[in-house]
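**Student:** Submitted below is the structure of interest, expressed as structure tokens.
The values are calculated or read from the model by the stated rules, or taken from the named source; none is laboratory data. Everything numeric in this text was worked out from a predicted model, so none of it was measured. Note that each Cβ is placed from the backbone with ideal geometry, even for glycine, and that neighbours are counted across all protein chains shown. With ligands, DNA and RNA removed, areas are computed over all heavy atoms of the protein, side chains included. Shrake-Rupley method; radii C 1.70, N 1.55, O 1.52, S 1.80 Å.
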Amino acid sequence: MQRKISQITAKNTQLDGELKSYINLLGEEQKIKFWIKTLLSVHNNIPEVIKAVDKIIEIQASSISFITDIYNTEKSTLSQVEKVIDLSERKNNLLNIYLISQHLFSSVGDDERLFLERKFIFNWTADELATEYNVSSRTIFRKTEKLIDKIYLSTKRKNWTLKFITLQVKNETWLNEKFKKLVKDYYLSTKKLS
């Protein structure tokens with residue numbers, strides 16, 4: 001049993017290394033396209049995350065004690081105010097990310113937006129989309145890539161570089177993990193084909 005666990009751990013470590021190398025080899029355009037897919041897929045989740053942060057801010061702000069506990073720096077007024085400020089900055093950052101994802105959706109037509117919502121938000125499979133649109137799964141793949149290309153051109157017109165996008169999402173670990181998972185899934189699917 002221990003040997004099997006060691007083998008699985010070694011395999012995962014190797015895959016992590018391969019994935020890191022793969023991401024480093026990707027060009028800026030390809031990375032931006034992966035970020036586009038990531039942001040499209042979390043678009044509907046962001047308002048819920050913002051509401052949760054708002055609730056935490058409200059709780060934190062209402063629990064600020066103006067009597068400093070000299071023995072507990074965690075409960076000091078300054079410490080509590082700094083936490084509220086940090087959370088408020090995070091909320092603003094999330095709002096910016098939401099506006100970016102909103103722009104990504106608005107850079108395509110209504111029918112295209114519905115297709116992207118089904119694909120990225122509601123996680124319809126290629127087969128489900130193919131059935132809905134009465135086309136092949138391969139056509140669904142090409143349509144998806146064509147729309148991502150269209151959105152990518154829209155981001156270029158706005159001068160949204162990879163640096164701009166990564167600066168917006170850098171403190172959101174959950175978004176970075178989602179990005180890595182998307183790249184990993186793509187990497188593994190292309191690895192199987194070769």
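**Student:** How far apart, in nm, are the 7 Å Cα→Cβ label points at Ser21 and Glu117?
**Tutor:** For Ser21 paired with Glu117, the spin-label model returns 4.3 nm.
**Student:** For the range 113-163, compute Rg over Rh where Rg is the Cα radius of gyration and Rh is the Kirkwood radius from the inverse mean 1/r over Cα pairs.
**Tutor:** 1.08
**Student:** Hey, with R₀ at 25 Å, roughly what FRET efficiency would Ser62 and Gln102 work out to, going by the Cβ-Cβ distance, to 0.05?
**Tutor:** FRET efficiency, Ser62 to Gln102: 0.20.
**Student:** Follow-up question, since we're still on this one. State, to one decimal in nm, how far the label point of Ser88 lies from the label point of Leu162, with both points 7 Å from Cα in the Cβ direction.
**Tutor:** Once both label points are built, they end up 3.6 nm from each other.
**Student:** Report the FRET efficiency, 1/(1 + (r/R0)^6), for Leu182 and Leu78, where r is their Cβ-Cβ distance and R0 is 35 Å, rounded to 0.05.
**Tutor:** Efficiency for this residue pair is about 0.30.
**Student:** Over all directions, what mean area does the Cα convex hull of the range 70-156 project, stated in square nanometres?
**Tutor:** 8.3
**Student:** Starting from 0.36 nm per residue, how many nanometres of slack lie between Asn44 and Glu29 once their C-alpha separation is accounted for?
**Tutor:** Gain in length upon complete extension: 3.0 nm.
**Student:** So what's the back-of-envelope 222 nm ellipticity for the chain, counting only DSSP H runs of four-plus at -39500 (n - 2.57) apiece and dividing by all residues, rounded to 500?
**Tutor:** Per the formula, -26000 deg cm²/dmol.
**Student:** D for the chain, whole µm²/s, Stokes-Einstein with Kirkwood Rh over alpha-carbon pairs at 25 °C and 0.890 mPa s: what number?
**Tutor:** 125
**Student:** Work through the residues other than Ile148 whose Cβ is under 9 Å from its Cβ and net out their charges, Lys, Arg +1 and Asp, Glu -1.
**Tutor:** Net local charge, Ile148 excluded: +2.
**Student:** Starting from the Cα-Cα distance between Asp110 and Thr190, subtract it from 0.36 nm times their residue separation and give me the gain in nm to one decimal.
**Tutor:** That pair, Asp110 and Thr190, stretches by 25.7 nm at full extension.
**Student:** Please report the accessible area of Val183 (heavy atoms, 1.4 Å probe, ligands and nucleic acids excluded) in Å², nearest 10.
**Tutor:** 0
**Student:** For the range 87-137, compute the orientation-averaged projected area of the C-alpha convex hull (one quarter of its surface), in nm².
**Tutor:** Spelled out: convex hull of the Cα atoms, projected over all directions, averaged, 4.2 nm².
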